[in-house]
Amino acid sequence: MNTHYTITRLLAEQRLFQALQLLKPLAVKTSDFRITDRLQSLTDNYRLLIQYFTSGNDDPRRKEVLSHLIAETFILLDDIEAVTTSDGPLLAQMKSKADAFVSDGNKYSSLKKVFYDTWLGKRTTDSDLLTEEEKQMFISALTLNILSRFSENNILSLCRLVLTQPRNTQLKALVCLLIVLNKYNERLPFFPKIKEQLTLIAINGTLQEAAYNVFEQLLSTSLTPLINQEMENLSKDLMPEIRNKKENIIIAIDELDEGNPEWGNMVKDVWGKHLDEVTRLHSEGADINYSSTKGILTDSFFHNDIANWFIPFGWDNPEITVDFASESGKLVKGILRANSEACDTDRYAICAIYRHIQGQLSNTKMPAIINDMSEFGDSAEPNIDLAEKNITLNYIRSLYRFFFNNPWKIENQMEGITHICGSHITQILLTDSQIMSLADRCLALNLFQEATTLLNDQSAVTLQKRGYALQKLEQYDKALEEYNKALLIASDSWTMTHVAFCLQKLNRYDQALAIYDQLLGSDKDNRKYLLHKASCLMALNLMNDALQVFFHLDLICPDDKNIQRGLAWCAFTTASPDNDNCHIAEQYLENLVYGEKPEYNDYINYGHVLLATGHRKEAVSIYHKAVENKEDRARFIKQMNDDKSLLLSKGISQEELALTIDATLMS
């Protein structure tokens, strides 16, 4: 295990002696007497604290002293790592850039100068002397600086920016502060000055609400891979259709053009398959732009200069090389203004896309396009209220693009960012009601581990939610504990159903069965309860009882194929010369096999019934339908071995069974 990680964990658990012991060989390796002296001083002071503690004395400042020693040990650990770690290629490149950088008086050059100097720790100028855009570059660079190496003073600077700056700068500083503190969460209890600043932020109602919004938006980044995958699936479905088109694809720009109507219809059909899921994810807060722009993030604009990932978008930035006064430039400008969800990185990426394709654009088509987009003309201005609400969201999206796509392999702070819910900062910054709302958001996003860290009170509702989160994490024993606590406060059918479900998962079928019988006492035709009851009976090998439940279900839901499958299986397993169950199973399975969308097990089970009734040829024919794909053959052999005892009990000999398997595979 990584020694740095181990020491960090030990310090977070206040096991200072073990941490100091692990630090000793690292300190000696530096050959720096100042570091070894600091380590010795920390060791001596901690030994004195232990001696005073074991003598029976209670020092009222013990907690404060211990926190200080742990904080100093964290700082010593960072200093040792800085001494023993050489500059990476990115840092060396940036140092070279900063040393050689000459500002030409251009606004964007000045922004980059602020970025380089701040990131490399060269800037000593008070940030209050900077312009608003320079402050935003200062914030981004300061964040990268802190992420590369912990600094209490720099974190306090971020806190002050949150508390004192105009709204745009303030909100971006807040985003960075939360991301930084998520990384250094384990250190927070030992740095009281930082906690004091967070408390000041929390008592400002406007900032507290903004902090809650940032937490929510960080959680929503968990949807980005999902919507990105859906868009990739759309592309995969679309490309074969495009390749199958024999004629050139012509998209009509206006009514005078001759396009391919069937092309448009085909796109609509393919898009329609994915529309519901894309719409759902977008409504949940998914970043729909990322899939469109991530491919261009390898452009030289981003790869040649790290500052460009953070520079605020401006129409006059000389590096984007778009003439916004030209006809095609007006089109790009209209697109940028129209997309309120595009972050600064997206906007630069769209300009890069334009640069790559501008030679292929037809000037004769431009007027028609511009006319269609006249609502986004030069007189259009961004919606200020919307921009205000989107400041943090768009900045988070820019950071997401940077951490996932930058070529320098900087540690990805957005990967696992949802774990911020379990950090100390949620308890400091948010109210109890906000924490509960955040927990509900986690549940809605299927972030069940994160939800458990937020659901801490002992109300019945919270116990139910925590139980549900643990259930979805398949921690059924712990979920059962929470549900049972909730039942002691207030009994209800929802909790009882989930208790029974957890008991099933823990193979305690008789207890689960008792609960389902209790629930059915007041709701005898409930499909879900009856299905679970039948499942418990089957697990207890009470197949005749399960069959009666399936007969009841079949009366209630006569078109339910899953019920028909369960009924047929129970009928077959209980078939004997004294009943007609084998015939019943045959009828239901025949309907399933020759109905719509039969499943693999429908063929297998129908084959079993036919084999048991002496219809060998028909059985082999049906079995063969299950193994038409080569990958299903191993599955078929395993299935036949698993069902061997049942088939032998139905009068099929070992010889017949072996010959049937071979006949199926040979056919």
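The values are calculated or read from the model by the stated rules, or taken from the named source; none is laboratory data. Only a predicted model underlies this, so the values are computations on that prediction, with no experimental measurement involved. Glycine gets a Cβ as well: all are built from the backbone with ideal geometry, and neighbour counts include every protein chain shown. Each accessible area value is taken on the protein alone, full model and side chains, heavy atoms only, with ligands, DNA and RNA left out. Shrake-Rupley method; radii C 1.70, N 1.55, O 1.52, S 1.80 Å.
Observations on the structure shown:
- Test for Val278: is it of a type outside the set (S, T, N, Q), at pLDDT 85 or above, farther than 14 Å from Arg355 by Cβ and surrounded by 15 or more Cβ atoms within 10 Å (Cβ to Cβ): yes
- Any hit, the stretch 552-566, residues being open to solvent by 10 Å² or more (accessible area, probe 1.4 Å) and under 18 Å from Tyr623 (Cα atoms): yes
Here's the yes/no breakdown for (1) aromatic (Phe, Trp, Tyr); (2) under 22 Å from Met543 (Cβ atoms); (3) out of contact with any Pro (no Cβ under 6 Å at 6 or more places or on another chain); (4) exposed (fewer than 15 other Cβ atoms within 10 Å of the Cβ):
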residue: Leu445; (1), (2), (3), (4): no, no, yes, no
residue: Val461; (1), (2), (3), (4): no, no, yes, yes
residue: Ala469; (1), (2), (3), (4): no, no, yes, no
residue: Glu474; (1), (2), (3), (4): no, no, yes, yes
residue: Ala486; (1), (2), (3), (4): no, no, yes, no
residue: Ser493; (1), (2), (3), (4): no, no, yes, yes
residue: Ala500; (1), (2), (3), (4): no, yes, yes, no
residue: Gln504; (1), (2), (3), (4): no, yes, yes, no
residue: Lys528; (1), (2), (3), (4): no, yes, yes, yes
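- Conditions (1) free of Cβ contacts under 8 Å to residues at least 24 places away in the same chain; (2) part of a helix (DSSP H, G or I); number of the one not met by Val620: (1)
- Counting only residues that are on the phi > 0 side of the Ramachandran plot and either touching a Phe, Trp or Tyr at 6+ places or on another chain (Cβ under 7 Å) or polar (S, T, N, Q) (or both), the stretch 444-474 holds 1 of them.
- Applying the condition of being assigned to a helix (DSSP H, G or I) and closer than 20 Å to Asn304 by Cα to the stretch 316-328 and asking which residue is least open to solvent (accessible area, probe 1.4 Å) yields Ile320.
- Matching residues, the stretch 576-597, being open to solvent by 40 Å² or more (accessible area, probe 1.4 Å) and either part of a helix (DSSP H, G or I) or within 11 Å of Gln564 (Cβ to Cβ) (or both): His583, Glu586, Gln587, Tyr588, Glu590, Asn591
- Checklist (1) within 30 Å of the chain's Cα centre (by Cα); (2) among the polar types (S, T, N, Q); (3) within 25 Å of Glu81 (Cβ to Cβ) applied to Asn153, failing item: (1)
- Any hit, the stretch 190-202, residues being outside any helix (DSSP H, G or I) and either open to solvent by 30 Å² or more (accessible area, probe 1.4 Å) or out of contact with any Asp or Glu (no Cβ under 8 Å at 6 or more places or on another chain) (or both): no
Residues checked against (1) over 26 Å from Glu450 (Cβ atoms); (2) among the aromatic types (Phe, Trp, Tyr):
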site: Thr143; (1), (2): no, no
site: Leu156; (1), (2): yes, no
site: Asn168; (1), (2): yes, no
site: Val175; (1), (2): no, no
site: Asn182; (1), (2): no, no
site: Glu186; (1), (2): no, no
site: Phe190; (1), (2): no, yes
site: Leu207; (1), (2): no, no
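- Residue ID - surrounded by the most Cβ atoms within 10 Å (Cβ to Cβ), chosen from residues in the stretch 329-360 that are over 24 Å from Glu133 (Cα atoms) and of a type in the set (A, V, I, L, M): Leu331
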